[in-house]
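The structure under discussion appears below in the form of structure tokens.
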There are 2 protein chains.
Amino acid sequence: MVTIKDVAREANVSVATVSRVLNGSGPVSDETQRLIREIAGRMRYVPHSGARSLITSKTQTIGVLLPDLYGEFFSEVIRGMDDTAQKNGFHLLISRAYADRHGIETAMRGMRGRVDGVVAMSPDLDENSLLNLPSTIPVVLLCSVPRGNEIDSLTIQNSRGARDMVAHLVSLGHRRIAIIKGAARNYDAAERLRGYRKALREAGIEPDPTLERNGDFTEAGGYLAALALLALKDRPTAIFAANDSMAIGALSALRESGVEIPGEMAVAGFDDIPLARYMDPPLSSVHVPICELGARAVEMLLHGISRKNDHQRRRERVPTELVIRRSTSAQPAERPPPTIGKVRSPVS
Amino acid sequence: MVTIKDVAREANVSVATVSRVLNGSGPVSDETQRLIREIAGRMRYVPHSGARSLITSKTQTIGVLLPDLYGEFFSEVIRGMDDTAQKNGFHLLISRAYADRHGIETAMRGMRGRVDGVVAMSPDLDENSLLNLPSTIPVVLLCSVPRGNEIDSLTIQNSRGARDMVAHLVSLGHRRIAIIKGAARNYDAAERLRGYRKALREAGIEPDPTLERNGDFTEAGGYLAALALLALKDRPTAIFAANDSMAIGALSALRESGVEIPGEMAVAGFDDIPLARYMDPPLSSVHVPICELGARAVEMLLHGISRKNDHQRRRERVPTELVIRRSTSAQPAERPPPTIGKVRSPVS
DNA sequence: TCCCTCTGTGTAAACGATTACATATTCGCG
DNA sequence: CGCGAATATGTAATCGTTTACACAGAGGGA
């Protein structure tokens with residue numbers, strides 16, 4: 001592999017001069033510059049990043065820690081991150097870490113010296129496991145908030161989004177509105193529940209515990225919860241699921257029981273995954289700008305990095321948006337496919 | 001940041017001894033080992049990977065180059081890669097690179113010295129741009145095959161999968177079977193077309209050029225192609241789309257035109273994306289084991305790395321599987337949701 | 001003329017790890 | 001008792017960069 005020494009020898013200058021030219025530091029005569037650039041290009045010289053990071057103690061890389069995640073969300077958030085990272089000359093080191101303390105710690109250890117900062121997403125994490133990390137590098141927490149003020153965090157406007165959706169259901173005349181809750185100990189789940197209750201109270205409706213069913217963010221969970229709701233003496237007229245997967249499970253249950261949607265029972269979800277608009281009927285949901293979430297996270301992190309982790313900590317939220325489809329409202333507000341360039345092929 | 005020197009000083013030994021203990025190289029007395037481990041743990045020492053890679057010229061990191069991709073495929077393939085990478089103590093450096101020469105080259109340059117090898121996916125790539133890279137590191141090409149024999153490659157059994165699906169359509173009695181082709185200059189697209197033609201010939205049917213419509217892997221493309229097919233004097237009785245997105249677009253077109261599926265027109269896709277089973281009617285497709293694709297790619301790369309890129313080059317294919325649903329066959333072969341733990345929440 | 005300030009360049013010391021080689025101690029065995 | 005082998009540890013070179021410092025020559029002002 002060709003090193004800076006090889007280039008220097010070839011150009012009859014010292015390594016210092018080569019380094020100065022390639023980094024634009026210090027004064028070098030125009031002619032020497034031209035010569036060195038030409039030679040470096042011809043020899044296909046690329047600096048060894050390890051050596052560089054050794055002396056500069058910068059890696060130009062940011063670490064990304066994600067829980068065991070499937071689907072659309074994952075790819076979108078990475079896309080957003082990669083965009084802003086690349087724009088700023090940074091690389092992405094990605095690692096899937098089981099969301100327990102041990103997993104996170106192991107992953108963070110592995111990243112020491114490899115990254116300038118970390119974006120960690122771990123929705124049901126005790127942030128403690130992060131706080132006693134062997135590092136002074138900046139960290140941005142995604143989809144959960146740390147207890148102290150030590151760490152930047154970025155979350156979805158869960159509560160607000162849930163509130164808006166439930167308010168929408170209320171505006172359609174619903175009074176008995178059920179919720180299928182998200183996974184226990186999950187930040188997003190807790191916030192969405194909070195928004196649900198808030199909307200009810202704002203409408204003068206006292207939240208009814210029997211209408212708050214447990215769920216786990218899976219389709220099967222939504223299916224079972226919906227069956228339980230149907231079995232109630234005093235059925236609700238609307239179901240708000242804490243995410244789309246559960247809403248889809250609920251739709252199945254209702255369909256199988258011959259319940260008419262939205263006439264007999266309205267259904268709404270959260271996330272607005274691509275599947276939502278393909279449901280029958282198309283599913284109303286709370287849209288989350290996932291790509292932007294990733295982008296903002298990286299921006300926050302870069303800010304922390306440039307300030308050497310000595311900056312005002314922030315807590316930001318990305319806004320959500322209500323998307324009303326036929327599962328809550330009889331008139332079709334949106335017509336399905338084709339939408340040019342919206343859904344792409346997985347293999348292309 | 002605590003270095004190996006700090007640990008050595010604290011333990012009253014030389015850096016060499018510390019290094020030996022932590023790497024398990026050379027003989028060190030049990031007591032010293034215990035002491036050093038204890039101190040290293042207490043001080044939260046983690047070796048600086050840059051320094052290490054400088055001397056060992058190994059990074060324990062593999063680079064991943066992906067085209068501008070949305071959706072399920074992306075996340076699944078990364079999942080497969082990360083699994084096997086982690087199992088072998090490797091990290092993943094991920095970069096999205098526009099699939100032109102310049103994009104790839106830039107990305108590969110950025111990775112020099114950071115990675116021990118690269119998995120590159122670039123379906124419509126002239127492999128030339130890869131071959132004259134400034135590197136001697138191993139490369140595995142995903143979803144396309146290099147012209148020469150210089151590079152390992154891993155592809156989907158496109159041709160075989162397409163052939164099987166078309167054979168299935170033939171077995172249902174179809175004779176006039178149309179195809180909506182994939183993007184031009186795309187490897188997968190070309191192979192799927194080849195499989196389609198092969199199946200027809202095997203059934204004694206001469207491929208009819210008017211039944212081979214252009215597509216681009218997008219929903220809109222499938223929609224338009226289907227309309228064109230409907231407008232033919234002598235309509236086909238079945239449509240095979242080179243991917244699911246186009247098949248879904250075609251379904252929309254048919255529905256809007258009041259064509260009954262599968263009675264009047266059978267429809268099949270390729271990829272088996274999660275959406276497929278939610279279509280109305282559920283879409284028959286060729287299942288691609290995406291996660292395994294990523295896993296195999298990393299395995300191949302690790303093999304090349306361990307052999308220092310001096311190994312037999314290979315060309316492998318991951319097998320596909322036919323999934324028949326109602327869009328081609330009247331009797332429901334599969335019942336939709338809920339499938340426990342199959343489709344998860346994007347935010348969980 | 002002298003000195004000071006630029007400009008352009010080289011020398012060498014870091015950075016944090018690994019490892020070949022040297023050294024010191026212990027032990028076993030003839 | 002003495003010698004070689006085995007064990008435990010230290011010393012120092014090395015990897016490829018960046019950068020503080022030194023230095024040489026040129027130009028300008030007093």
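The values are calculated or read from the model by the stated rules, or taken from the named source; none is laboratory data. Model, not experiment: these values are computed from the prediction. Every residue, glycine among them, receives a Cβ derived from its backbone with ideal geometry; neighbour counts consider all protein chains shown.
List of remarks:
- Of all residues in the stretch A:295-329, those that are in a helix (DSSP H, G or I) and polar (S, T, N, Q) total 1.
- Residues (under 20 Å from A:VAL298 (Cα atoms) and of a type in the set (A, V, I, L, M)) located in the stretch A:46-68: A:ILE62, A:VAL64, A:LEU65, A:LEU66
- When the stretch A:271-299 is limited to residues that are in contact (Cβ under 8 Å) with a residue 60 or more places away in the chain and touching a Lys or Arg at 6+ places or on another chain (Cβ under 6 Å), the one that is farthest from B:LEU283 (Cα to Cα) turns out to be A:CYS291.
- Hits in the stretch B:11-23 (condition: within 13 Å of DNA strand C (Cβ to nearest atom), more than 45 Å from the chain's Cα centre (by Cα) and either surrounded by fewer than 18 Cβ atoms within 10 Å (Cβ to Cβ) or within 14 Å of another protein chain (Cβ to nearest Cβ) (or both)): B:SER14
- Taken over the stretch A:24-47, the criterion of being surrounded by 11 or more Cβ atoms within 10 Å (Cβ to Cβ) and more than 11 Å from DNA strand C (Cβ to nearest atom) is satisfied by A:ARG37, A:GLU38, A:ILE39, A:ALA40, A:MET43, A:ARG44, A:TYR45, A:VAL46, A:PRO47.
Listed here are the residues, each with its yes/no results for (1) more than 24 Å from B:VAL115 (Cα to Cα); (2) within 14 Å of DNA strand D (Cβ to nearest atom); (3) of a type in the set (Lys, Arg).
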{"residue": "A:ASP6", "(1), (2), (3)": "no, yes, no"}
{"residue": "A:THR17", "(1), (2), (3)": "yes, yes, no"}
{"residue": "A:GLY26", "(1), (2), (3)": "yes, yes, no"}
{"residue": "A:GLU31", "(1), (2), (3)": "yes, no, no"}
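- For the stretch B:33-45, the set of residues classified as closer than 15 Å to A:GLY110 by Cα and either in contact (Cβ under 8 Å) with a residue 40 or more places away in the chain or near DNA strand D (Cβ under 8 Å from one of its atoms) (or both) consists of B:ARG44, B:TYR45, listed by residue number.
- For A:LEU92, the conditions (1) within 16 Å of DNA strand C (Cβ to nearest atom); (2) at the interface with chain B (Cβ under 8 Å from one of its Cβ atoms) are fulfilled apart from (1).
- With respect to the stated conditions, A:THR84 fails to be modelled with pLDDT under 95, more than 10 Å from DNA strand D (Cβ to nearest atom) and under 32 Å from the mean Cα position of the chain (by Cα).
- When residues of the stretch A:55-78 are limited to those that are surrounded by fewer than 19 Cβ atoms within 10 Å (Cβ to Cβ) and assigned to a helix (DSSP H, G or I), the one farthest from DNA strand C (Cβ to nearest atom): A:THR56
- Every test in (1) at the interface with chain A (Cβ under 9 Å from one of its Cβ atoms); (2) touching a residue at least 24 places away in the same chain (Cβ under 8 Å) is passed by B:ALA51 save one, and that test is (2).
- Filter result for A:SER252 (in a helix (DSSP H, G or I), within 14 Å of chain B (Cβ to nearest Cβ) and surrounded by fewer than 24 Cβ atoms within 10 Å (Cβ to Cβ)): yes
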